[in-house]
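The structure appears right after this line, and notes come after that.
Readers should treat all values here as calculations from the given coordinates under stated rules, not as data from a laboratory. These numbers come from a predicted model, not from an experiment. When we count neighbours, we look across all protein chains shown, and the Cβ atoms used for this are built from the backbone with ideal geometry, even at glycine.
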Amino acid sequence: MSVAAKALAALAAAVALAGCSLFDPGSPSSGSTVLKSDFAALAEDLTTTLEAKDEPGFAANFADSTMAQELAQRWYGNLSQVSVATFGTDDEGSLEVTWAVPASQAPAVHKVVPHLAKVDGRAVIMDAMYTDDPPIWYFDDVSVDNSSTVSLIASETVSADQRQAWLKRAAKAVKTVKKAGLGMLAQDWNDRLVVEIPRNTRDFQLLVGIDPKLSGAATECEGGAIRVVVNPASLQLPDEQAEALIVHEAVHAATGSPCEDSGALWASEGLAESVTAKAFKSTRESNLATVTTYLAESGVPAALPVDADFTSAKEVIWAAYALSEVAVDAIFDNLGTEAALDLLAKLTRTPDKVDAATNAEVTGWYRKALEEIAAAK
Ligand SMILES: [Zn+2]
């Protein structure tokens, strides 16, 4: 699933604004006032001490309190494992943290609102709140593991065995998706994946804004960068289901869909299911069973699944995924690979460029495929 709900982000922003105390860029210099220049110097020192692997120097940018020093320890411990992390400031008093891991296509930029004080002539961080779209390293102590094609950022509560298993699954998913030949849809992909596993389902919900009961994993556009976020509940999945789950998400990551898609969900979700179903017999069979049950109860639908179906009741959601696979497979069957990918690129990114006649034709192929499934039963 690639839907990124914004309700939680808005809530987080409201909490941050209520709890923070911004620096005062306009006030005259005085001993206890944090000036904009003090804040900029703080950000620069955070960057240089982190880069120099100077943990005491990094921690000196935080107040002496236990809470502030714990924050320093967490940020240093987490960000010293990534490949790039720099701190900047904006005019609203946020720290802008730019960070990347080896598999990143592009760095992520996250804003964190620090509560500052001036101690001995320099700004120090007392506490911090995230604004929205919080990064995983903000919540928890993480371990970063890298292979040649995958960076895995997992909560320290995830066992080393689990981390290795998911690193391998993700690397396998990269190969499966490369082999699927998504052509122009994946032309900007770096053939790598960044995967995150948060500590618990609450953190999963905070990271991706999706009900953890409805989603085993989600691919999101996090601070401008694509991340596959695995629901910790999925750590219990049997191996093949776990592999299929990450292949589905890898299709979203490869096609850049969370950062780029503006079209109908049936097209992007149908493509992810279509690639997954070709690689895994279990996905193929379970989607076919779902479609067969749907057809027996509701008959052949007049139209393609709508976006609301993907955030509806569980049964409606499962049916929407399986039906979308039928729609996308029908496009491939009727157009051939190259023309199908061209149409899917338009359907997912620039749906306005798909004319009514083409849309009607796709609906016709979809309904015909469903009629065949119903007849074959
Ligand atoms: Zn999806």
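Quick rundown of the values:
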read-out	value
Rg over Rh, two decimals, segment 247-286 (C-alpha only, Kirkwood Rh)	1.01
Sum of side-chain charges, residue 68 neighbourhood, beta-carbon under 13 Å (Lys, Arg +1; Asp, Glu -1)	-2
Sorted by Cβ density within 10 Å, fewest first, the residues 367, 227	367, 227
Shape category assigned to segment 261-377 from the gyration tensor of Cα positions, a/c cut at 1.5	rounded
Span per principal axis, largest first, for the Cα atoms of the chain (Å)	81, 43, 34
When the convex hull of its Cα atoms is projected in every direction, mean area for segment 52-202 (nm²)	10.9 nm²
Euclidean distance between Cα centres, segment 69-113 to segment 260-323, Å	38 Å
Cα-Cα over 30 Å, subset of 281/368; 111/213; 281/314; 53/179	53/179
Residue 40 versus residue 69: modelled label distance in nm, points set 7 Å from Cα along the beta carbon direction	3.2 nm
Tilt relative to the chain, helix 337-349 - C-alpha long axis, 0 to 90 degrees, to 10	50 degrees
At R0 = 51 Å, FRET efficiency that the Cβ-Cβ distance of residue 175 and residue 32 yields, to 0.05	0.30
Estimated inter-spin distance, residue 375 and residue 289, nm [label 7 Å along Cα→Cβ]	2.6 nm
Tensor-based shape of segment 144-227 (alpha-carbon gyration tensor, a/c under 1.5 rounded, otherwise prolate or oblate)	oblate
Ascending count of other beta-carbon atoms within 10 Å, so fewest first, for 252, 110	110, 252
Descending semi-axes in whole angstrom, ellipsoid equivalent of segment 156-202, from the Cα gyration tensor	27, 12, 7
Gained length - residue 213 relative to residue 161, 0.36 nm times residue gap less alpha-carbon distance	16.3 nm
Most fluctuating residue given options 180, 253, 225, as computed from a GNM of the chain linking Cα atoms under 10 Å	180
Order of 67, 126 under a 10 Å beta carbon neighbour criterion, fewest first	67, 126
